[in-house]
Amino acid sequence: MTRSDLVEELAARFAQLTHRDAELAVKTVLDAMSDALVKGHRIEIRGFGSFSINRRPPRIGRNPRSGESVQIPEKRVPHFKPGKALREAVDAGTANPATGQAKP
């Protein structure tokens, strides 16, 4: 699912939202999540999962073309850990997104 697919789904699911309102809502939520991660905060959405920042220490890598050693600096990267309900829903196959339970 892409960002535009999410906007379309929101606009279709909630008739009172215009396409522009749904787009603004998605942008606002994603911007808030990005800002929180940049500040080093953890994001937890119950039933879905949590986002956090992992630190990758500096290391020595190799340039595959020339074979020479290259110093790779430390990095902070986003990490997603799915929640129990999401893991179970994915494992069960098709799930009802509202309840996380498998559809009959």
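The one condition from (1) touching a Lys or Arg at 6+ places or on another chain (Cβ under 9 Å); (2) without any contact (Cβ under 8 Å) to a residue 12 or more places away in the chain that LYS75 does not meet is (2). Across region 10-69, the number of residues qualifying as of a type in the set (Phe, Trp, Tyr) and within 19 Å of PHE80 (Cα to Cα) comes to 2.
Being part of a strand (DSSP E or B) and open to solvent by less than 80 Å² (accessible area, probe 1.4 Å) is the filter here, so list the residues in region 65-77 that pass it.
SER69, VAL70, ILE72, VAL77
Six or more apart or on different chains, Cβ under 9 Å: which pairs go from a residue in region 9-23 that's without any contact (Cβ under 8 Å) to a residue 40 or more places away in the chain to one that's outside any helix (DSSP H, G or I) and β-branched (Val, Ile, Thr)? Could you list them? From residues that are without any contact (Cβ under 8 Å) to a residue 40 or more places away in the chain, the pairs are ALA11/THR18. Any residue in region 54-64 that is surrounded by 13 or more Cβ atoms within 10 Å (Cβ to Cβ), in a strand (DSSP E or B) and polar (S, T, N, Q)? There is no residue in region 54-64 that is surrounded by 13 or more Cβ atoms within 10 Å (Cβ to Cβ), in a strand (DSSP E or B) and polar (S, T, N, Q).
If you go through region 63-79 and keep only what is at pLDDT 95 or above and basic (Lys, Arg), you end up with LYS75, ARG76.
Taken across region 7-27, residues that are among the polar types (S, T, N, Q) and modelled with pLDDT of 95 or more do not occur at all. The set of residues from region 11-31 being assigned to a helix (DSSP H, G or I) and farther than 20 Å from PHE51 by Cβ comprises ALA11, ALA12, ARG13, HIS19, ARG20, ASP21, ALA22, GLU23, LEU24. Find the residue count for region 44-53, including only residues that are in contact with a His (Cβ under 8 Å, 6 or more places away or on another chain) and open to solvent by 50 Å² or more (accessible area, probe 1.4 Å). Here the count works out to 1.
The values are calculated or read from the model by the stated rules, or taken from the named source; none is laboratory data. Because the structure is a prediction, the values reported are computed rather than measured. Reconstructed Cβ throughout: ideal geometry from the backbone, glycine too, with neighbour counts over all protein chains shown. With ligands, DNA and RNA removed, areas are computed over all heavy atoms of the protein, side chains included. Shrake-Rupley method; radii C 1.70, N 1.55, O 1.52, S 1.80 Å.
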